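Colleague: First the structure, which I've put down as structure tokens, then a few questions once you've had a look.
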Amino acid sequence: MTRRLSVDKAVGRLGSELGSGQRALDDLVTEDLWLAFLRFGRRLFDVSDTPDADGLLFQYGTHAFDGPPAFTLDLTRQFEISDTNGDHDHYVQVHCELRYGLAPALEDLGSFDSWFFHVRSSLSRGERAGEDRTDRPEDATTC
């Protein structure tokens, strides 16, 4: 049976993915972050069986949240946490945010956001076959 990680391990799992490359964390470039987040996005977590229990958000735009305007790229994974009755209690988000100085080409991109959700069934193909498939892309929702 596939071992699904506990949601409380999500931050550590993303940290492991970020640290798995050839560069120190301070030296990571956008491609490094993107590839680490893709690997993190493929990991299966122990979440409820609701349609939006495990979501990935990709968003960018020019913002001035806590300083001068900057082009911001944000990669987020959101988990729904249910109470003991199975009802929604709250969300937990793990995200990476990259900020870039303003450049006309980045500003011309405008803003964008898009959600993608993992589809959870009680048994995946790998679980039925007795395989551990947590590292394979087909376990993640693709678009």
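Colleague: Taking K and R as +1 and D and E as -1, what net charge do the other residues with C-beta under 10 Å from the C-beta of residue 72 add up to?
Modeller: -1
Colleague: What ranking do 33-41, 103-111 get when scored by the average of other Cβ atoms within 10 Å per residue, highest first?
Modeller: In descending order of packing, they fall as 33-41, 103-111.
Colleague: Test of understanding: what is the full-extension gain from residue 38 to residue 114, defined as 0.36 nm times their sequence separation minus their Cα-Cα distance?
Modeller: Length difference between fully extended and current span is 25.9 nm.
Read-outs throughout are calculated quantities, based only on the coordinates presented, and are distinct from any laboratory measurement. None of these values were measured; they are calculated from a predicted model. In this analysis, Cβ positions are derived from the backbone assuming ideal geometry, glycine residues included, and neighbour counts consider all displayed protein chains.
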